[in-house]
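Here the structure comes first, spelled out in C-alpha cells, and everything after it is commentary.
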Amino acid sequence: MYPAPVFDHLEHLSTPVGLFEHALLTEPRPEHGYCLDDVARGLVVTSRQLGPSAQVEGLRATYLRFTLFAQDGLGRFHNRRDAAGRWTDTATVEDHWGRALWALGTTAAVTPDPRVRRAALDAAVVSLERRSPWWHAMAYAALGASEVLDAQPGSRVARALLVDARTLLACPTDPTWPWPDARLTYANAVLPEALVAIGSALGDDDTLDAGLSLLHWLLAQETHDGHLSLTPVGGRQDGDERPGFDQQPIEVSALAEASWRAFCATRDEVWLGYLDRCVRWFLGDNDNGMVLYDAVSGGGFDGLHTHGVNQNQGAESTLAALSTLQLGRLALVQAVA
C-alpha cells in the first residue's frame, strides 16, 4: 500500500488568501507571494480527494475563492499576487489560464457540494470562450473542458474549445521525434493527456489513439533501467546524456495524471503499471535512490539532484507528490476491483 496523502504541509504553506509558492526548507516564503499556477493545482487535488476531511474542504474553499478572484470579466486570469493580496500582473491566457480551467472543470465535475460545483462551472464557462496560442495552456484548458462536459453534457463552449484544441495540439508525424518542440521541456505529459481527453470527449478514436501512442513514446523517453529518469530543468532531446539533473516532481505528476486518464479511457492495466512507476519515483525508485516525499507532513521535495534532493518543500513539489499518491491509491482500488 502506498502512503496516504497527508495535507499538513500544504496547510502550512496556505493562508486564508491562498497558497505560498515557495518554501525555505519547510517554511513558507511570503516575500515571493502566491501564484494561480499552484493554487489551481491545489484546487484539483483537494476537489477530487475522496472522503475529504474538514482540513481538505477548508483548503479547497480557499483555493476556489482565489481562483474565482483571479478571473477578469473577459475570462482571462491573473497569476501573481503578493502577500498583501494585491495582483501584481495583468490578466492573460497563458499557462495559468489553462490550469485554472483544468481546476474549475475538475471541481465542477467531482465535488459533491452543489454550490461549489455551480460556482466553478459558471466561472469555467466564461473562460472557455477564450483561446490561447500556446500549446501548454490549451492542453490544460482541454482537460478542463473535458471535465465540464462530464458535469454539463452538451456544453457548447466546452465542445468548441476541445475542437479548437484538437487542431492546435496535433503533433508531427515523424516517428523518431513526434513532438511539437525540438526539446522536451516542462510538464510534458499534459500534451498526450489532453489528446486522450479530447479523443474520449469527442468520440474521436484517431485523436485518442494519437494521445495513447504519444504517451507510450514519452514514457519510454522518461524511463531508464526500469525506473523514471526524467527530463531535467534544462530540457532533453535525442542524444543527451542520461541521467539528467535537476529533475522536477511536476514531471512525475504530469505522467501520473496522463497514465490515470489513459487507464480511465481504455481500462488497459498497462497504464496502472506506469502510474505505479510514478509513485515509486517519489518513494526512492529513481536515479539516485532518494525519497522525495515526507510521509509524516505530506511535504514534497523540490527536485532530484546528482547527489541528493533539494530540501526545500514548495507548493508545486508538494502538490506533485500528493496528486501522484492520490492517483496511485485510486489505481490500487481499481486493481483490486
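Readers should treat all values here as calculations from the given coordinates under stated rules, not as data from a laboratory. From a predicted model like this one, the values you see are computed outputs, not experimental measurements. Ideal geometry is used to build each Cβ from the backbone, glycine not excepted, and the neighbour counts take in all protein chains shown.
Some notes on this structure:
- Both radii come from the Cα set of the range 35-169: Rg as radius of gyration, Rh as Kirkwood radius; their ratio Rg/Rh reads 0.95.
- Sites counted here are trypsin sites (Lys or Arg not before Pro) in a DSSP loop (not H, G, I, E or B) having no more than 14 other Cβ atoms within 10 Å; the longest part of the chain that contains none of them is 87-182.
- Relative exposure of Leu59, Leu330, Leu272, judged by other C-beta atoms within 10 Å (fewest first): Leu330, Leu272, Leu59
- Cα shape, the range 147-275, gyration tensor, a/c 1.5 rule: prolate
- Relative contact order, whole percent, for the range 35-169 stands at 24, derived from Cα pairs under 8 Å and 6 or more residues apart.
- Projecting the Cα atoms of Gln311, Trp271, Leu169 onto the charge dipole of the chain (Cβ charges, centred on the Cα centre) puts Leu169 farthest toward the positive pole.
- Relative contact order (%) - criterion: Cα under 8 Å, at least six apart; region: the chain: 18 percent
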